[in-house]
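Trainee: Here's a structure for you.
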Amino acid sequence: MGEAVTITLDPGLAFGTGSHPTTFMCLDWISCNVNSVTKNVLDYGCGSGILAIAAKKFGANEVYGIDIDEQALEASKSNAAINNVDIKFGTTDYVNNKKFEFVVANILSNPLRILAPALAKLTGKKLILSGILDIQSDELTGIYKQWFDKVIVINSIDGWVLLECSF
């Protein structure tokens, strides 16, 4: 586990407080991989904004968070303001034709299946996937190997896994 940062959070009606194993694994990955030389990070399905906020606090130069839920976007914007970090939040149209060094998507397996081509197109270096049950990891690994050279389980907690996809 990397260094620690403090995040003040009011999730409102959005998902993501850091206590669920999937969010915890993403936060752990961010703490070990994101720093001041990180060009940009995208939190895809930002929920409360916790992963975007963590990426910014660990030093990423530009951080974006996108979601399809307006309440999640409002919660994310509010939480970013509380934490005094500059993050750009919006819908998927907000990041069209952009590439991100790191993309983090902590959403359930069904949307991850559908979103594979879009997530691959947004990724410049590494894609981190969570919200995946251990029994679903082989299927999702197979799907994402269509776009990435390497797809591996890098963490597992309480039946949930974290996949890292890289070129």
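Trainee: How many residues are of a type outside the set (A, V, I, L, M) and part of a helix (DSSP H, G or I) when one looks only at the range 32-57?
Mentor: Qualifying residue count for the region: 4.
Table: residues versus (1) of a type in the set (A, V, I, L, M); (2) at pLDDT below 95; (3) surrounded by 18 or more Cβ atoms within 10 Å (Cβ to Cβ); (4) farther than 21 Å from residue 131 by Cα.
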{"position": "47", "(1), (2), (3), (4)": "no, yes, yes, no"}
{"position": "54", "(1), (2), (3), (4)": "yes, no, yes, no"}
{"position": "71", "(1), (2), (3), (4)": "no, yes, no, no"}
{"position": "77", "(1), (2), (3), (4)": "no, no, no, yes"}
{"position": "92", "(1), (2), (3), (4)": "no, yes, no, no"}
{"position": "97", "(1), (2), (3), (4)": "no, yes, no, yes"}
{"position": "104", "(1), (2), (3), (4)": "yes, no, yes, no"}
{"position": "110", "(1), (2), (3), (4)": "no, no, no, no"}
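Trainee: Restricting to the range 66-122, give me the number of residues that are in a helix (DSSP H, G or I) and acidic (Asp, Glu).
Mentor: Number of matching residues: 3.
Trainee: Follow-up question, since we're still on this one. Restricting attention to the range 56-69, and to residues there that are under 24 Å from residue 116 (Cβ atoms) and among the hydrophobic types (A, V, I, L, M, F, W, C), which single residue is surrounded by the most Cβ atoms within 10 Å (Cβ to Cβ)?
Mentor: 63
Trainee: I would also like to ask the following. Would you call residue 137 more than 20 Å from residue 42 (Cα to Cα), touching a residue at least 12 places away in the same chain (Cβ under 8 Å) and either small (Gly, Ala, Ser) or buried (at least 17 other Cβ atoms within 10 Å of the Cβ) (or both)?
Mentor: Taking the combined requirement at face value, the residue satisfies it.
Trainee: May I pose another question? How about the range 134-164: which of its residues are in contact with a Ser or Thr (Cβ under 7 Å, 6 or more places away or on another chain) and not in a helix (DSSP H, G or I)?
Mentor: Within the range 134-164, 148, 149, 150, 151, 153, 160, 161, 162, 163 meet the criteria.
The values are calculated or read from the model by the stated rules, or taken from the named source; none is laboratory data. Here the structure is a predicted model, which is why all the values come from computation and not from measurement. Reconstructed Cβ throughout: ideal geometry from the backbone, glycine too, with neighbour counts over all protein chains shown.
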